[in-house]
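The values are calculated or read from the model by the stated rules, or taken from the named source; none is laboratory data. On a predicted model such as this, the values are computed, not experimentally measured, just so you know. Methodologically, a virtual Cβ is constructed for each residue, glycine included, from the backbone with ideal geometry; neighbour enumeration extends over all protein chains shown.
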Amino acid sequence: MEKSYKQLLENNKNWVAKQLAVDPVYFDKLANSQNPEYLWIGCSDSRVPANQITGTLPGDIFVHRNIANLVVHSDMNMLSVLSYAVEVLKVKHIIVCGHYGCGGVQAAMENKQFGLIDNWLRHIKDVYRYHHKELDAIEDKTQRARRFVEVNVIEQVHDLGKTSIVQNAWKNNQPLHVHGWVYDIHDGIIKDLNVNFTCTKDLHKVYHLD
């Protein structure tokens, strides 16, 4: 156990050496500032690392992760990340990225108790309730789960647009696009769900904030 733990520190030293071999001032530049164009809201699943699957470098993507990539309006952690990314870093794109085979989504399809996480899963269950006619009509459980992952991402994109943080950016003519993606852990490919919000008009009028 201790050996595997220490291996991470050795890996870090090797990584640093490789970076410096390519660019001796790499860390000097990285420490100076961060100017990412993207905010990534993804799942905490260890198989879905934002930088690796998008081929980007440290400093390129501002990242927030939680179980099943949720945008919960009472989650101060998510809202704080969103606020900083939009209002301070001035990111141009917010990407909600789910993934097929998501354990949180699969758990939300069950009628079991899992413990404390049940309170979080309830937000995902709400998504199922919104789309239950479409989802219940899919007989194959695997395909139903895959579609559930997709509609969950779509709902989170909507929820981002509902926030005053995003709407105020649009009101101030700040260039900000919100996108929904799904990553397939079976082949490594990201699927663009083509749900893209660029202004308040993309939302139902009941959510418009003056």
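Scanning the stretch 200-210 for residues that are assigned to a loop (DSSP other than H, G, I, E, B) and out of contact with any strand residue (DSSP E or B) (no Cβ under 9 Å at 6 or more places or on another chain) gives His204, His208, Leu209, Asp210. Tell me whether the stretch 182-199 contains one or more residues that are assigned to a helix (DSSP H, G or I), touching a residue at least 24 places away in the same chain (Cβ under 8 Å) and not charged (D, E, K, R). No. The set of residues in the stretch 143-177 that are closer than 16 Å to Asn69 by Cα, of a type in the set (A, V, I, L, M, F, W, C) and surrounded by fewer than 22 Cβ atoms within 10 Å (Cβ to Cβ) comprises Ala145, Val151, Ile154. Among the residues of the stretch 1-30, those that are under 29 Å from the mean Cα position of the chain (by Cα), of a type in the set (A, V, I, L, M, F, W, C) and either surrounded by 10 or more Cβ atoms within 10 Å (Cβ to Cβ) or on the phi > 0 side of the Ramachandran plot (or both) comprise Trp15, Val16, Phe27, Leu30. The single condition among (1) surrounded by 18 or more Cβ atoms within 10 Å (Cβ to Cβ); (2) among the acidic types (Asp, Glu); (3) not in a loop (DSSP other than H, G, I, E, B) that Glu87 does not satisfy is (1). Please name all residue pairs, on different chains or six or more residues apart, with Cβ atoms under 9 Å, provided the first residue is in the stretch 52-69 and is in a helix (DSSP H, G or I) and the second residue is among the aliphatic types (A, V, I, L, M). That search, which allows pairs on different chains as well, returns Ile53/Ile190; Thr54/Ile61; Thr54/Ile95; Thr54/Ile190.
Residues of the stretch 12-27 that are modelled with pLDDT of 95 or more and of a type in the set (S, T, N, Q): Asn12, Asn14.
Within the stretch 97-164, considering only helices (runs of 4 or more DSSP H) that don't extend past its boundaries, which have at least 2 residues that are among the acidic types (Asp, Glu) and touching a helix residue (DSSP H, G or I) at 6+ places or on another chain (Cβ under 7 Å)? Answer list for the stretch 97-164: none.
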